[in-house]
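Please treat every number below as a calculation from the coordinates, not as lab data. All values derive from a computational prediction rather than experimental measurement. Using ideal geometry, Cβ is built from the backbone for each residue, glycine included, and neighbour counts are taken over all protein chains shown.
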C-alpha cells in the first residue's frame, strides 16, 4: 500500500495521531504548542471522531497545571487522554506528571519543545523544558522531523498502553512544530493496528469504579514508601523493548524503521556525534557530505531518551569510534555537563569505558544549527585535545567555550532554495504555505517551508524559507544561499539587506512601483552592488497595481506567487497556473466565489506585468542602507540594540550581552521604523484642544504640549502652534505633533477627533495624509517639539483627560499592533504616575510589546525617572507585584525608622519628611526636594545609620506598584494569586488589559471571553458567560474596583486611574481593550468601545470603598442604561459575526442568552448603587 | 353574497390579490407560515443581493487574512476558521426550498444582482431551488455623470433579456418610478420578457444626523400617502401594456387594496403595514377588501379590476393632472 503524502507542520502531524486515539483532551494555550490544542478543538467541534467512533471531548483549562490535573483525573476514571504543551506549561504539569507516572498510567503529553524563561523569556525552541521533566518518571521520546512528529506520536500512544508508563513526546518548537513538510501519512487502518484494544480494556479495568472499589493516592510512611517506589522498576526496565517493538511494528506497516538510537554514517566511523531533535537534519547532511569525502564520521540520533537504555546506546555506537561528541540543546548552569552528555558518559562508564567523550551546547532558543556547525564539532573530535563543554553557533569571547565555525556549507544543487521577504499583513506567509503545498501535493518533489518573524506586531517583517527538491529534505536551518529571492515590499530595500542571502547567479524578484527602466535609480548602492557582483537575474513586477486592479487591495501575495512559479521553473507553466488556481480554491473556496475570482484574475494578470531588468555594469546610487539607529544614540544602543534591530543579533558575542537580563529603558526612541503609509497631520484652525487624539494613540506618536508662547520663538517655519482655548492653561500655546517615523498609521486618533471643518465635514483637526509628503518637515517639527520644555507636573490635573495629556508619555513607540486597544491605558498610566512606579507585568502581549528586544518602550522624564519594569511569569504576576510592594514598604519603613532615629541630627527636615502629605503631585515634588536636601545633609554625616539611610532615601518618596496583564492572566492562570493579593489589603494597583482572549498566543478563549464569541478553543462559539471579575473583587469590600473603557468615557478612565492610585489598599481596574482578535477594524476601536457600553455589554463603574466611609454607597455606575441591543453591538464584530454566518441557529440561542447575561448584570449593578455594605448599629441600651 | 376574489399574477392563480412583499417577515419560516395563515396569496422572499454576497465574502476573507501572519505566536491568524460562512446564495436557496416545502402558496424569489453573470446565474439557481417566479429588483443610483439615461435604460433592458433567456419561470421586474418616460420604459421591459411589473421600489434614503454630522442610511416605513404613486401608474399602464401589474408602497388597508384593484392592479404588495401591525393584519385587510366588493355587490374582483384605470375612468386626464387641478379648484372656491 502506498501511503498518502500530505503537507503538514509538526504540530498537525502529532495532533492527527493524538486526536484519533484519545477520548479526553485537556488544553491550554502556550506557544508554540497552541496549534495542537486549536486543531484538536476544531476537529472535535467539526465532529471528527477517534478510531473508536467517538468525538474526543476537548476542554480548555485555566492553566497547564489544570490541564494536567484534568488529564490525571480522566485517566484515573478510565479514559484515554492527551494534552499538548511547551516550556513553562510543561513545568506547571510536573507535579501531576510525577503522580501520573507513579501510578503507572498510560498517557501521552505532546510537547513543542521551547526555551524556559530565565534571564529572559523566549518563545523559541530548545530542550530546556523537556529536560526539566526528565526526572518525573515519564518516558521521553524525541522526534527530529515533521515525519517523525507523526510517527513518534504513534509509537508513544501505542507504547504507553503496553508499557503503562506515560510518555512525553517532543519535537523542536517552531523548527519542527511550525515547519511545513511533505510526509507520508499514517492512515486510520494503521492506527487501528498499532493500538491494541486489549490494552485499552486493561486500562479501563484499572479505572476507579464503585462497582469494583479501589483506592489510589495513599499517604505512605518511611516503612514502605521506598519499597513501593522500587516496585515499579520492572515496568521501566521493559520500556526500551516495548518501544523498539512498537517501532518495528510501525516499520512493518509503513516501511519506516526507527530505533531507540539510530546510527547514520560510516560503518567504521571514528568520530561520532550524538544528538536529538531537529538538529539531526543538519547533522545528517554534514555527515553525508563528510562520509562522501572519505571521512570516517557518523552520528547517533536519540529517540527514546528516557528510560535511557545503555545497552541500545552502546550498540548504536560503532566499535570503531575513537571519540564521541554529545550535543545538548539545553543548558544546566553549574552541572558537570548537560544531561544527554552525562547520560552518555555514564553509559560508557557502566559499559567499562569507551571512546573519548566530550559534550557541548547548541541551538538554545532556536539558535541556528547548520551542517557547517555539525562539521565543526566533528572536526573538533579529530583534535588531540578536543574542547569539552563547548558551545557551537555563537561567539563566546568571555569564557571562550565556543568552537569557531571554520567550515563552509553549500546545499545540494538538486534543491531549489527560495527566500521571500514580506510584511505580516501582505499575505506573503500565506502564499508561501500554499506554494509548498502546491508543489508537495502536485509533484513528486519534496518541499519544505519555514517562517521567521521579527519581534514587532505592527509592520512586522516575515521571511519565508522554501525548499524544493527530488529527495527528502533534511535541511533544518535557514537558507543561506538562495537561488531565488523575492522582496514583496519595496520599502524594505532601504532598510534590509535582502540580497545578502542571494546565491550568485540567482534570481531576484522585486515588487516595485518602478518599471524595469526606472527601478535601478531607486535602489541603494548596496543593492546595486549585490545585483552586479552576484550576477543576479533581476525582475520587477508592480504587484500592488496588479492586485488593486484585480480587486485585491494591497494584498500582493497572489501576484508574487504567480511570478515566483514563472521564474522558479519548478512546474511547467500551464500546470503551475492550474495548480495556483487550485490552491486558491482550496485555501479560500469556502469564503466565497468572489474571493476565488479576484485572486484568479490577479493570477491571469501577473505574468504580463512581470519584466526583466537590464542590469547596468556599474553602481550609480549614492544612497546606502539606512542605519538601524542614529549615530548619536548611546553606546549600548549602538553596539547592541542597533545590531539586533539590523537583523545582525547572531553576530553579537557573549560579552555584548548583559549578564543578568537587565536592559536600559527608553530605547524605542532610537529605532525609527517608519512603517506608516499615511500619518495624521494637524490643522490648528479646527482643533478644540480636547486632547483625545493624544490620549488614544497606542504608540505615543501623536502628542500634545502646552507651553509659553515664547518657547516657539525659534521654531521651524513649518511648526504649528496656537493659543490654548480653555482656562486650564490660559495664556499658553499648544501644539499637536505627530512623530512621523514612529506612527503606525492606525488612524485611531483621526477617528476619535471630534472637531470637524464647517466647510467640509470630512476634514477634521487631524487628517491622514501621505507620509512621504510630510516626512522631512514633520521630522524637523517633531525634533523641535521634543525640545520644548515639558509642562510642570504640579501645574496640571493628571486625573483629567487634558491634564494628563500635557504630561510626557513614559511609554512610547512600542511594537504593539497598529491600533492596539491596550497600550493607550498603559501610556496613560505612564503619564499619570510613570515617574514613581514599578511595574510587574504578566507574560502576554503587554510583556512582549513592553519587553521584547531590541528596544524598550518604557521611557524616562527629563529628570531620568520613569517606570521600572519586570516580567516574571504568566501565572505569578499578582504575587510578583505583591512582592515588590512588600519590598518597597519594607525599605520605606527602614528608611523612616532610620530617619526617626536621626531626627535630632537632621533637624526639622526629618519631621517634615516623615509627616509629608504625598497625595498630590505638588506634595510629591516637595517631598523629592526634601529628600534631596536630606541626601545633602547625609553626605556630611559619617555614622553607619547615615550611610545606610543614604542608600534607601528613594523610598521616602511615595512609590507605586502597578501589576499589569491581560485577561488570560487575571481571569484564568493567575486568578488564584490575583485573588490572594486583592485580599491582602496591601497598596497595589492592578490593571487588567481585558482583550477577552489570550491575545498574545493568537486569540484563545479565556473566562473573560463573552458568550457567543468565536475564539480559538471555542470555535463553536463560547457557550458560557463572561466571568464578572469586578464583582468578585468587590466582594472583599476594601478593594477599589473600576471597570473602564477609553472609547466609552475617557474622563472616567483618567479618574479611575487617579482613584486607584490614591486608594490606600488594593485596587483593580478592568479596562476594555479591543484587539485584532475581535475581528474589527482597529482604527474604529474607540467606537466599538462606546457601543460596548451603550449596549450594556461593558458597563462602566467605580467601586470606591472610601465613599462608604463618607456615608455614600461605594458603587457608582458611570454608564447610562443600555440603549442598544447586544445583537446590534455584536453584529459589527467578526468574533460574533462569524458564528452568525457559520451556525445561525446556535448563534441565535447564544445571543438570547448573552442578552440575558447583560440584562441580569445591569439589573444587579443598578441595585448595587444603592447598597451600603456597612451595617449601622445603635449601641444597645444597657440596664443600669 | 360571495365575491370571487381570485386573481392571476404572472400567470399564477392566486386566491386573492394580497401578496406579502420582501421584508424580514418573509425571511423566516415561522413568519412566512403566519402570513400564509393570515391569507397571503403569495409571498416574495427578501432580495438576494449579489453585492451583499460579494461584500460578505470579501469581508470574511479580509477578516481571516488580516493579522494572519503578524506574529509567530498567532500562526494562521486570530479567529478560528469555521466549517463554512454561508457567504454565497446557499443560505437564501435553503430558505427558498424550505418555504416551498412548508407553504402551499406560491413563493416568489427576489434578486438584486450586480454583474451580468450574477443576475442570470442566481436567477437560474432560484428556479432550480423551486421558485414559482422571480422578481428582479433592478434599481441603481446612477451617479456616473457620463452615463445617459438611454444607456442606463438599455442596461436594464439587456439585463431583463438575459435573465428571461436563462429561466423558464415567470419573471417580474420591480422598478423605480424615476424614469424620464416611465410608460415607455415599462413597455420596453415587458417586450424584453418581463411577465409583470412591480410598481414601485422604495429605497433606503440617506438622512443626516445633525448631532454627529454624519450620513445615516435609513428606511422609513411607508404610509398610506405613498399609495398615490403606484395608484397613478397602475391606472395609466393598465390596458397600455400586456403584463401583470403589482402595486407596492402604501398598502395599509382594505380600501387601499380596492383602490389599486380598481386602478388595475392584479395584486397588491404589503410590507410596512405588516411590519407595523404583524402578519395577522393581512387578514384584516383581506376582510375589509372583500367586504367592500361584497357590499357593492361585485361578483368578482375581475369585474372591478381596472374599472378606474385611465382607459376606463370617466375623467382620464385626471391621472395626468389630478393634484394641480384640484388644488386650483380648492383655492378658487375658498376665496
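If you average the alpha carbon positions of the range A:123-150 and of the range A:259-307, how far apart do those two centres end up, in angstrom?
Taking the Cα centre of each part, the range A:123-150 and the range A:259-307 sit 19 Å apart.
Quick check: convex hull over the Cα atoms of the range A:76-221, volume per residue in Å³, rounded to an integer?
115 Å³
Please report Rg (one decimal) and Dmax (integer) in Å for the Cα set of the range B:7-309.
Rg then Dmax for the range B:7-309, in Å: 20.9, 80.
Using only alpha carbon pairs under 8 Å that are at least six residues apart, calculate the relative contact order of the range A:674-807 and give it in whole percent.
Computed over the range A:674-807, the figure is 38 percent.
Compute the label zone of residue B:240 within the range B:166-190: residues whose backbone N is under 16 Å from the point 7 Å along Cα-to-Cβ.
B:175-190
Can you pull the semi-axes for the range A:879-956, root of five times each eigenvalue of the Cα gyration tensor, sorted largest first, whole Å?
So the equivalent ellipsoid measures 21, 16, 10 Å along its semi-axes.
Compute the helix-to-body angle for B:90-102: its Cα long axis versus the longest principal axis of chain B, expressed 0 to 90° and rounded to tens.
Roughly 50 degrees, rounded to the nearest 10.
Against the longest principal axis of chain A, how steep is helix A:823-833, in degrees 0 to 90 to the nearest 10, with axes from Cα atoms?
50 degrees
Which distance in Å, rounded to a whole number, links the C-alpha centroids of the range B:255-312 and the range A:908-944?
Here the two parts' Cα centres lie 92 Å apart.
What's the extension gain from residue A:382 to residue A:521 if we count 0.36 nm per residue and subtract their Cα-Cα distance?
44.8 nm
When DSSP assigns beta bridges and you keep just the ones with both residues in the range B:7-309, what percent turn out antiparallel, to the nearest 5?
Details: 8 of 38 bridges.
Restricted to the range B:7-309, the bridges split so that about 20 percent are antiparallel.
Can you compute the modelled spin-label distance between residue B:52 and residue B:151, with each label point 7 Å from Cα toward Cβ, in nm?
2.9 nm
Given the convex hull of the Cα atoms of the range A:585-650, what is a quarter of its surface area in nm²?
9.8 nm²
Quick check on chain B: helices-only [θ] at 222 nm, where DSSP H runs of length 4 and up contribute -39,500 (n - 2.57) each and the sum goes over total residues. Nearest 500, please.
-13000 deg cm²/dmol
What fraction of the Cα pairs in the range A:285-365, stated in percent, has a spacing above 19 angstrom?
Result for the distance tail: 41 percent.
So, in Å, what gap is there between the alpha-carbon centers of the range A:43-104 and the range A:335-392?
So the two Cα centres are separated by 35 Å.
Label points 7 Å out from Cα along the Cβ direction at residue A:725 and residue A:204: separation in nm?
Using points 7 Å along Cα→Cβ, the separation is 7.6 nm.
Which value in nm describes the separation of the simple spin-label points at residue A:773 and residue A:920, placed 7 Å from the Cα toward the beta carbon?
4.7 nm
Write down, largest first, the equivalent ellipsoid semi-axes of the range B:119-163 in whole Å, where each equals the square root of 5 times an eigenvalue of the alpha-carbon gyration tensor.
Each semi-axis is the square root of five times an eigenvalue, giving 27, 10, 8 Å.
For a label point 7 angstrom out from the Cα of residue A:135 toward its Cβ, which stretches of the range A:273-315 have the backbone nitrogen within less than 17 Å?
A:306-308
If you take each beta carbon of peptide A:1010-1017 and count the beta carbons of other chains within 10 angstrom, what is the mean?
For peptide A:1010-1017, the averaged partner shielding equals 2.
For the range A:770-836, just run the numbers: alpha carbon Rg, then divide by 2.2 N^0.38 Å, N being how many residues it has.
Against the compact-globule rule of thumb, the ratio is 1.29.
Averaged over all directions, how much area does the convex hull of the C-alpha atoms of the protein assembly as shown cover when projected, in nm²?
Mean orientational projected area (the protein assembly as shown, Cα hull): 77.8 nm².
Between residue B:315 and residue B:97, what FRET efficiency comes out of the Förster formula 1/(1 + (r/R0)^6) with R0 = 45 Å and r the beta carbon distance, rounded to 0.05?
That gives a FRET efficiency of 0.40.
Using the number of other C-beta atoms within 10 angstrom as an exposure proxy, rank A:1073, A:1132 with the fewest first.
A:1132, A:1073
Rank the residues A:873, B:18, B:301 as a footprinting-exposure proxy: fewest other Cβ atoms within 10 Å of their Cβ go first.
Sorted ascending by nearby Cβ count, the order is A:873, B:301, B:18.
Can you pull the semi-axes for the range A:722-776, root of five times each eigenvalue of the Cα gyration tensor, sorted largest first, whole Å? Write out the running numbers ahead of the final one.
Values: eigenvalues 105, 55, 23 Å².
Semi-axes, largest first: 23, 17, 11 Å.
What's the extension gain from residue A:983 to residue A:442 if we count 0.36 nm per residue and subtract their Cα-Cα distance?
Between residue A:983 and residue A:442, full extension yields 188.6 nm more.
Out of all Cα-Cα pairs in the range A:960-1168, roughly what percent, to the nearest whole number, are more than 21 Å apart?
51 percent
Taking only DSSP H segments of four or more residues, each worth -39500 (n - 2.57), what value at 222 nm results for chain A once the sum is divided by all its residues, to the nearest 500 deg cm²/dmol? If you can, show how the numbers build up before the last one.
Values: 40 runs with 436 residues, N = 1184.
Helices in chain A give a 222 nm mean residue ellipticity of -11000 deg cm²/dmol.
Pull up the DSSP beta bridges for the range A:960-1168 and report the antiparallel fraction as a percent, rounded to 5.
Counting DSSP beta bridges with both partners in the range A:960-1168, the antiparallel share is about 35 percent.
Can you tell me the orientation of helix A:1085-1094 relative to chain A, as the angle in degrees between its alpha-carbon axis and the longest Cα principal axis, to the nearest 10?
Tilt of helix A:1085-1094: around 70 degrees.
Output the Cα-based Rg and Dmax of the range A:260-403 in Å, rounding Rg to one decimal and Dmax to a whole number.
13.8, 39
For a Förster distance of 41 Å, can you work out the FRET efficiency between the beta-carbons of residue A:218 and residue A:400, rounded to the nearest 0.05?
0.15
List the residues of the range B:82-118 whose backbone N lies under 12 Å from a point placed 7 Å from the Cα of residue B:29 along the Cα-to-Cβ direction.
Once the point is set 7 Å along Cα→Cβ of residue B:29, B:94-103 turn out to lie under 12 Å by backbone N, inside the range B:82-118.
Please arrange A:303, A:203 by counting, for each residue, the other beta carbons lying within 10 Å of its beta carbon, fewest first.
A:203, A:303
Which FRET efficiency, nearest 0.05, do residue A:578 and residue B:277 yield, Cβ-Cβ r, R0 56 Å?
0.45
Using every Cα-Cα pair within the range A:28-89, state what percent have a distance larger than 17 Å.
In whole percent, the share of Cα-Cα pairs in the range A:28-89 beyond 17 Å is 42.
Could you give the length gained by full extension between residue A:627 and residue A:196, i.e. 0.36 nm per residue of separation minus their alpha carbon distance, to one decimal place?
That works out to 148.9 nm of additional length.
For the range A:418-612, taking Cα atoms only, what is the radius of gyration to one decimal and the Dmax to the nearest whole Å?
Final numbers for Rg and Dmax: 15.8, 47 Å.
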